[in-house]
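Read-outs: derived from the displayed coordinates by stated rules, not from any lab. Note that the coordinates shown come from a computational prediction; the quantities given were computed from them, not determined experimentally. Neighbour counts run over all protein chains shown; Cβ positions are idealised from the backbone, glycine included.
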Amino acid sequence: MVFGTEVDGTADGREASPAPEPGRAWVLLPVAWCVWLLLWILPSLVVGPRLAWARPWMMRETALSALVAAAAFFLVAVWPFWPALASSPGRQTLSGRWLGLSLFEFALLVALAGPFALVAWSVSGGTVAAAPTVVAVLGLGVFGLGLRVATAGMAPRMTRWLVLAAMTVLAGPLMLEYATREALGVTCGWLVGVSPLFGLVRIGLDGWPEGPWLSIARLWLWPGVGVVLATVGLLESRRRRRRAASDG
């Protein structure tokens with residue numbers, strides 16, 4: 001094993017049985033992913049064109065943006081915590097095989113999103129900067145993988161806090177900017193730019209960022225956070241394994 005195996009001691013000092021690897025739920029994950037993307041692209045394809053006045057996310061011109069935003073949300077707020085949902089609390093493992101399966105899952109999800117992206121791109125009539133989009137998707141994958149490693153390495157009770165933090169980082173700035181614009185009539189563009197979800201969409205549509213440091217930071221800020229989270233998860237996993245061995 002590259003990282004070793006996470007072992008949690010029970011109350012009487014016995015070793016807990018190993019947890020299911022993340023690849024055990026490989027059927028349900030792609031299905032949930034495809035259904036999620038389909039639910040976000042259908043309003044732009046079916047509902048919006050039939051309405052006299054459609055919301056921005058229901059217009060054909062925004063189909064690709066809505067799809068990319070939905071994919072970003074899933075990769076950060078759902079995919080990192082999928083192994084925790086498929087196993088008992090405190091019984092995940094960190095190993096080379098576990099990491100390989102996680103990378104395979106990420107590659108599979110990106111591949112399955114290809115047909116949806118082609119449909120959204122064809123109906124939206126817009127253009128996409130290919131290279132910046134690839135870099136942004138990979139950076140978002142590093143962030144999501146960091147959350148996944150941290151979830152597996154830390155104590156089970158920390159998972160709910162990581163979920164809350166991921167949801168806050170993704171949706172918090174967007175909701176706060178919307179509330180200030182509707183209630184006070186003030187637009188805070190810099191606040192929206194904090195969200196990695198918004199950053200991925202803008203980089204894909206506008207190309208390489210220029211100008212303010214916050215725009216440039218989108219390329220390295222959240223991948224860097226993912227690396228830090230992964231390091232913390234690995235160190236915490238090693239500490240818990242040593243404590244379990246000493247208690248046993």
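Got a sec to turn the phi values of the range 147-159 into Karplus ³J(HN,Hα) couplings, 6.51 cos²θ - 1.76 cosθ + 1.60 with θ = phi - 60°, whole Hz, x for Gly and Pro?
Each residue of the range 147-159 in turn: 5, 5, 5, 4, 4, 6, x, 8, 5, x, 5, 6, 4 Hz.
Ranking request for peptides 127-134, 103-110: highest mean number of other beta-carbon atoms within 10 Å first, then the rest in descending order.
Ranked from most to least packed, the peptides come out as 103-110, 127-134.
Classify the range 129-171: rounded, prolate or oblate, from the alpha-carbon gyration tensor (a ≥ b ≥ c, eigenvalue square roots; a/c under 1.5 rounded; otherwise prolate if a/b is larger than b/c)?
oblate
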